[in-house]
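Input: a single structure, listed below in structure tokens.
The values are calculated or read from the model by the stated rules, or taken from the named source; none is laboratory data. If you're wondering where the values come from, they're calculated on a predicted model, not measured in any experiment. Reconstructed Cβ throughout: ideal geometry from the backbone, glycine too, with neighbour counts over all protein chains shown.
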């Protein structure tokens with residue numbers, strides 16, 4: 001096999017593959033149906049032409065028949081006038097016309113048979129085209145349903161073009177978000193460690209470290225105070241005497257005398273002059 005033939009085969013294979021990918025069966029079916037309708041139109045034109053030819057033969061035969069009848073009448077008139085020569089001439093022409101009529105009749109029969117055959121073929125072709133049209137519509141509906149089902153399945157499975165693009169976009173967004181979160185966390189750690197300086201703050205890195213140590217010490221002191229408070233024992237509650245009980249160190253009152261005031265003491269009594 002030559003190089004040119006191989007190149008030609010490869011070109012044909014690629015072309016067929018591309019055409020199969022681009023070709024829509026619905027359009028192909030519609031095109032085939034239109035061609036069949038064109039064939040029916042051609043068949044009808046042929047039938048019309050055959051019918052016209054048959055009609056032309058019939059008209060010609062009618063005219064010859066009229067001429068034959070006229071010659072027959074002329075031969076009779078010629079014999080009535082003792083003109084046998086004219087009668088012979090008229091009958092001779094009539095014989096020629098009779099031969100032509102016989103030929104025209106044969107042609108008429110042939111044309112009529114051809115017309116009947118074309119009509120029969122046209123009717124059969126019309127029936128086939130009607131059946132093809134029904135089958136075509138069924139196949140188009142089936143293909144459309146299968147195509148829709150395939151697209152729905154691809155969309156559900158996430159393998160269609162739009163869903164694939166959406167999935168890739170979401171994946172890239174998630175990767176960028178993860179990258180930004182990691183960058184933000186790293187910057188925060190560097191700022192806390194003092195490796196980076198926060199330009200928006202008026203405190204330098206040394207003062208920031210001192211503030212951090214001071215805040216840690218303050219938290220440690222508060223935590224130690226809370227622990228000491230929780231570890232100390234609770235003091236017992238004081239017991240108050242009842243309201244009518246005598247105060248400690250006070251003497252009971254004599255009968256018939258008022259009780260001394262709980263707040264009065266002997267040392268506080270005024271001296272009486274003798």
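A few notes on this one:
- Condition check for residue 117: under 28 Å from residue 37 (Cα atoms), without any contact (Cβ under 8 Å) to a residue 60 or more places away in the chain and in a helix (DSSP H, G or I): yes
- Selection within the stretch 77-91 - assigned to a helix (DSSP H, G or I) and surrounded by 12 or more Cβ atoms within 10 Å (Cβ to Cβ): 77, 78, 79, 86, 87, 88, 89, 90, 91
- Every condition in (1) part of a helix (DSSP H, G or I); (2) more than 60 Å from the chain's Cα centre (by Cα) is met by residue 51 except one, and the failing one is (2).
- The one condition in (1) over 30 Å from residue 134 (Cβ atoms); (2) assigned by TED's automatic domain parsing to the domain that holds residue 118 that residue 39 fails to fulfil: (1)
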